[in-house]
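Data first, discussion second: the structure below is written as structure tokens.
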Amino acid sequence: MPDLKVTLWSDSTTALWWIKEYGNWSVFVANRVKEIRQLTQIQSWKYVSGNTNIADLLSRGCSPRQMLNSRWWEGPSWLKQNSEYWPDGEISCEPQEVNEEKKKTRIANVDLANDAPLLICNVSDYDKMIRVFTWVLRFVNNCRKNYKKCKEHELSVIVIENSEKQLIRLTQTYYLPDVESLKCVTFIDNDNILRGKKNLK
């Protein structure tokens with residue numbers, strides 16, 4: 001069967017923009033646009049105004065008698081003419097609704113190295129301080145993920161212990177000049193935490 005030239009019409013400028021342009025669409029739109037592009041040629045899609053889109057008659061609602069006597073069976077009159085007499089079918093500007101389906105970018109910028117001492121100075125209870133810091137880390141990590149992958153369950157012992165180590169590292173980084181001046185600091189352990197071999201007196 002020889003290749004046939006197919007023209008596809010839509011009265012939705014928003015849908016046509018999604019198909020023709022490469023944007024950072026939401027998952028719902030991106031999946032459907034991908035399937036349309038796999039099954040059709042992008043240049044085959046044209047715009048037709050809603051007033052002349054006979055195919056949209058059923059979605060507007062009509063009786064069987066109206067359907068029988070309508071142009072739905074044949075399409076608009078210009079469709080019977082040669083393609084050079086068809087409407088231009090191009091959209092020249094981005095519809096306002098397009099931005100509603102673009103992925104939202106959220107930026108979480110937290111300077112933990114500078115905020116760690118602030119937490120230490122404002123929370124006197126050590127265990128409470130570690131748990132607060134752990135929840136802060138949980139919140140920051142969730143902001144960087146898809147909402148379906150966000151963690152909501154209670155904090156585990158391992159998570160709290162890892163947060164404690166991270167808080168210690170951040171605090172030591174903040175006070176590094178003072179820490180390095182102490183003669184008791186002699187090595188860095190496997191967790192990259194500064195350690196001393198003797199007790200402070």
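A short reminder: the numbers here are calculations on the coordinates, not readings from a lab. Quick caveat, the model's predicted, so the values are computed rather than measured. We place every Cβ from the backbone using ideal geometry, glycine too, and count neighbours over all the protein chains shown.
List of remarks:
- Region 1-51: trypsin sites (Lys or Arg not before Pro) falling in loop per DSSP and having at most 11 other Cβ within 10 Å: Lys5
- Report note on the peptides 10-17, 83-90: ranked by the mean count of other C-beta atoms within 10 Å, highest first, their order is 10-17, 83-90.
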